[in-house]
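Asks: My questions all concern the structure below.
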């Protein structure tokens, strides 16, 4: 159960996450080059933003994470394809856990990453999306801060593809910090 204290903490985290991400990312820009580390093979994407921003009555702060194992990638004519797994929680106790694929397009220091991931949704005290099975379509743009870190913004849409009696969907935006390990 999320208490008032936890809700205040989540809102504070959302306001402070971007400056913390910037400081952490800029502080690590040359560390990997100086130590001449091996190329990382896993990526963690930590994000925070606004769930269902287009619905004034249901919008809520969200925090989440996503993992990508770059050893499992495949180069295709669509770009670099790799599996992802992640989840988020909103201030209204809604939960979403997913696994899917993303395509990575690197355009110099700019990275464009669309993804698709089916997952399980629990509404908690948040929005009823009509079904436990929801599909997340997302697009993310990020800027390379260093060889091992990126800062970006993403937009996603959750929908149950009319599997349930209703399908209101939810649109969200997030600020992302991506770190390779």
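Asks: Distance between the C-alpha centers of region 57-78 and region 128-181? Whole Å please.
Replies: A separation of 7 Å, based on Cα centres.
Asks: Only Cα pairs under 8 Å and at least 6 apart count here; give the relative contact order of region 77-181 as a rounded whole percent.
Replies: This gives 20 percent for region 77-181.
Taken together, the values in this text are just the output of simple stated rules run on the coordinates, not laboratory data. Computed from a predicted model, the values in this text were never measured in an experiment.
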